[in-house]
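**Student:** Can you read through this structure? Questions will come right after.
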Amino acid sequence: MRTLIRTLIALLAAALLGMAAFAAPALARPVANPSPSASPTSAPSATSKPLTFGIGPAAPVPRDHYVDGRPYISALSAAGGVVRDDVALLNDSRTPVTLTVYPADAVQNGSSNFQLSLKNQKLTAAGSWFTLRGRRSLVVTVPGSHAGSGNRNVPGRVLVPIEGRIPFNATPGDHAAAIMAELDAKAKNGVGANVTLQQRLGVAVYVHLAGQLHSGLQVSNLKAHWNEPGSAGGTSRYTVTYTVTNVGNVRLNASTLINTSRWFLHPVQSYPGELTNIFPGSRIDVSETLPGVFGFGPWHITASAFATPVDASVTVPTKSASQTASLWPVPWILIAIVVAVFVLLLAIWWGWRRWRKYRKAHPVVKGTRSAKQKPAKKDAPKRKGGNA
């Protein structure tokens, strides 16, 4: 009985040691955050035909060049100023294509990628500053491609000038817009019905206005979740979400850190990766999930963001931003196992005590003689006389 109790205690100790091993500090590997596309695009539907047109920056370039190689249009100005540039529309198919060209607002709403306004949507931001040949939108027919030297396909090309008139009340700092090219294409949906698909491509326009500059980040909406009831070892998936907002007026890159201090355990630190090209007023949602984190007791979570200007020539002081939250994870499965083992040991101990009490009440005395004892053997009488 004592050997059985010792064995169970050893098993319980091994389980507790394993629990302590799972409580080691966790460090997440940095994961690169996908950077925003230099030219905002709208992907066509899976049922549409492949794109055969394009758009790109094209300041005056030689005739044997299609675009000038810039990934986006960048301009420096001031409130009340005027910026001018050119975009080239390209057609890689043999037949002419008719495109609608128009400016669009570019907004980052939850991710580093831009969300672009639609053709008939009212413009309220930097997209409203731009016109194309003096018009808000323009319908352009791009000629088809032709065979060049060496049987090389030469795309059709139309150059479109753009002009941006900056309002006098425009705020200093960085602003984003886009010049879009849209094709209304006929296609069939999944059930074979005729539909009109809008295929869009765009080139980003970044405008930096002179004036008083300042940088700033804000961390908000911090939430943490530990997936209860956890595993038998007391570990589970741990997820932290929060929002980083650019509250300054210059473009920023931001590195982030999540630090989780735990009761009697090592802290958990995670680096979700760098957030790139965050425009003023834009917000980026961040989510980080760590597997196999031991959870017990009160946690204190701090999400921090550290900013640097995208443009190295912008010299403005930057400050970090952070927000804190609390969480109390409970590993119910591990607790149930520990309680079950404790109850089992208690039951064994109680049974052992009962057995000891019974043995004391009914002792077994060793070495006593029974009531009926066998008579002792008598020695045989000695024979007298010699041998006959």
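**Student:** Just one of the numbered conditions (1) more than 30 Å from Val82 (Cβ to Cβ); (2) surrounded by fewer than 23 Cβ atoms within 10 Å (Cβ to Cβ); (3) at pLDDT 95 or above is not true of Val195; which one?
**Tutor:** (3)
**Student:** Now for a separate question. Would it be correct to say that Val250 is surrounded by fewer than 22 Cβ atoms within 10 Å (Cβ to Cβ) and more than 22 Å from the chain's Cα centre (by Cα)? Break it down stepwise before answering.
**Tutor:** Working: surrounded by fewer than 22 Cβ atoms within 10 Å (Cβ to Cβ): no; more than 22 Å from the chain's Cα centre (by Cα): yes.
Spelling it out, it is not the case that Val250 is surrounded by fewer than 22 Cβ atoms within 10 Å (Cβ to Cβ) and more than 22 Å from the chain's Cα centre (by Cα).
**Student:** Only one residue in Ala104, Ala79, Ala75, Ala126 is closer than 30 Å to Val244 by Cβ and in contact with a helix residue (DSSP H, G or I) (Cβ under 6 Å, 6 or more places away or on another chain), so which one is that?
**Tutor:** On the way: Ala79 fails: in contact with a helix residue (DSSP H, G or I) (Cβ under 6 Å, 6 or more places away or on another chain); Ala75 fails: in contact with a helix residue (DSSP H, G or I) (Cβ under 6 Å, 6 or more places away or on another chain); Ala126 fails: in contact with a helix residue (DSSP H, G or I) (Cβ under 6 Å, 6 or more places away or on another chain).
Exactly one of Ala104, Ala79, Ala75, Ala126 is closer than 30 Å to Val244 by Cβ and in contact with a helix residue (DSSP H, G or I) (Cβ under 6 Å, 6 or more places away or on another chain), namely Ala104.
**Student:** When you go through Glu182, Glu163 one by one, which is the residue that is outside the structural domain of Ser282 (by TED's automatic domain parsing), crowded, with 17+ Cβ neighbours inside 10 Å and in contact with a Lys or Arg (Cβ under 7 Å, 6 or more places away or on another chain)? Talk me through it step by step, then tell me what you get.
**Tutor:** Numbers: Glu163 fails: crowded, with 17+ Cβ neighbours inside 10 Å.
Of the residues listed, the single one that is outside the structural domain of Ser282 (by TED's automatic domain parsing), crowded, with 17+ Cβ neighbours inside 10 Å and in contact with a Lys or Arg (Cβ under 7 Å, 6 or more places away or on another chain) is Glu182.
**Student:** If you go through segment 278-326 one residue at a time, how many are under 24 Å from Asn113 (Cβ atoms), touching a strand residue (DSSP E or B) at 6+ places or on another chain (Cβ under 7 Å) and part of a loop (DSSP other than H, G, I, E, B)?
**Tutor:** Residues in segment 278-326 being under 24 Å from Asn113 (Cβ atoms), touching a strand residue (DSSP E or B) at 6+ places or on another chain (Cβ under 7 Å) and part of a loop (DSSP other than H, G, I, E, B): 6 in total.
**Student:** Restricting to segment 331-355, what's the tally of residues that are in contact (Cβ under 8 Å) with a residue 60 or more places away in the chain, assigned to a helix (DSSP H, G or I) and surrounded by 14 or more Cβ atoms within 10 Å (Cβ to Cβ)?
**Tutor:** 8
**Student:** Can you find, within segment 133-160, the residue that is nearest to Asp311 (Cα to Cα) among those that are in a strand (DSSP E or B) and within 40 Å of the chain's Cα centre (by Cα)?
**Tutor:** Going residue by residue through segment 133-160, those that are in a strand (DSSP E or B) are 135, 138-142, 146-147, 153-154, 156-160.
With within 40 Å of the chain's Cα centre (by Cα) added as a condition, the list becomes 138, 160.
Values: Leu138: 33, Val160: 28 Å.
Checking each candidate, the answer is Val160.
**Student:** Name, by its number, the condition in (1) among the hydroxyl-bearing types (Ser, Thr, Tyr); (2) assigned to a strand (DSSP E or B); (3) loosely packed, with under 15 Cβ neighbours inside 10 Å that does not hold for Tyr238.
**Tutor:** Among (1) among the hydroxyl-bearing types (Ser, Thr, Tyr); (2) assigned to a strand (DSSP E or B); (3) loosely packed, with under 15 Cβ neighbours inside 10 Å, the lone unmet condition for Tyr238 is (3).
Matching residues to (1) assigned to a strand (DSSP E or B); (2) assigned by TED's automatic domain parsing to the domain that holds Ser322:
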{"site": "Asp174", "(1), (2)": "yes, no"}
{"site": "Gln198", "(1), (2)": "yes, no"}
{"site": "Gly202", "(1), (2)": "yes, no"}
{"site": "Gly230", "(1), (2)": "no, yes"}
{"site": "Gly233", "(1), (2)": "no, yes"}
{"site": "Thr256", "(1), (2)": "yes, yes"}
{"site": "His266", "(1), (2)": "yes, yes"}
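**Student:** Using beta carbons and a limit of 8 Å, which pairs, at least six apart or on different chains, have the first residue in segment 238-257 and farther than 12 Å from Val219 by Cα and the second one among the basic types (Lys, Arg)?
**Tutor:** Once the first residue is farther than 12 Å from Val219 by Cα and sits in segment 238-257, its partners that are among the basic types (Lys, Arg) give Val240/Lys223.
The values are calculated or read from the model by the stated rules, or taken from the named source; none is laboratory data. Source: prediction; values computed, not measured. FYI the Cβ positions are ideal-geometry reconstructions off the backbone, even for glycines, and counts take in every protein chain you see.
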